[in-house]
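Written below as structure tokens is the structure these notes are about.
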Amino acid sequence: MHTSAPKRALQKGFTLIELLIVILIISMVYFLGFSGVEMGNPKPKALTPLNLKKSIVSSELFKGHTTLLCLDKCRQCLLRGDIASPYAPYTSAIDLSDIKAYTLDESDNLVQIQYARYKDKKICLKMDFYPNGSSTQIILQNSKGTYFLPAYFDEPKAFESPEEAKEYWLRNAHLVDDRGDFY
């Protein structure tokens, strides 16, 4: 038995059309998977009591003594880069709605801060941030919780109530007052 036509040798590669089809499929998967992903600088997170200080200090408007002023039940915030600058809108997202701000009076009583008005709008929050990393020490409360924002290096902390935040504030204030005991 003799075959008249020799068998073709087995192909050991891809044809140009097969390679183009694979490249097309990979390109489609890439563009569909990454079309909504933005490369580059990440967008800042919404301004909340827990990230407020970090967000303002890393803001492009922070140039030294910066003041944050929030209006309209804290749905709109303005920043002033220094004392001589005008206020400019804080353009990132804000999640500070219905904030109540508290401080301690000279007798260590918890007092809700009643701010004045700015351009005939009620101020709900005003904080100062300084070049040395300090800020206004304050207790904030909204429907999501109560937060102690320290003046210096400690991180903001969440509490169940303004009274618990007050106790934490006083405990830390006494630690700072007693610093001479260690020398």
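Where a number appears in this text, it was derived from the coordinates with a stated rule and is not lab data. Predicted model, so just to flag it, every value in this text is computed and none were measured. Here the Cβ is made from the backbone with ideal geometry for all residues, glycine too, and neighbour counts use every protein chain on show.
Amide H contacts of residue 76: 71, each under 5 Å away and 5 or more positions distant or on a separate chain (H built 1.01 Å from N in the peptide plane; Pro and chain starts excluded).
Past 23 Å, Cα to Cα, is the threshold; run 119/157; 54/144; 53/126; 45/144 against it and keep the listed order. Mind showing how you got there, number by number?
Values: 119/157 32 Å; 54/144 19 Å; 53/126 12 Å; 45/144 17 Å.
From 119/157; 54/144; 53/126; 45/144, over 23 Å: 119/157.
Placing +1 on the Cβ of every Lys and Arg and -1 on the Cβ of every Asp and Glu, with nothing else charged, gives the stretch 52-182 a dipole about its Cα centre of roughly 760 debye.
Straightening the chain between residue 31 and residue 144 buys 36.8 nm, computed as 0.36 nm per residue apart minus the Cα-Cα spacing.
Residue by residue, the stretch 86-97 carries 3J(HN,Hα) couplings of x, 6, 10, x, 7, 8, 7, 5, 10, 10, 10, 3 Hz when phi is fed to the Karplus relation 6.51 cos²θ - 1.76 cosθ + 1.60 (θ = phi - 60°); x denotes Gly or Pro. Contact order, relative form, for the stretch 52-182: 20 percent (alpha carbon pairs under 8 Å, 6 or more residues apart, mean separation divided by residue count).
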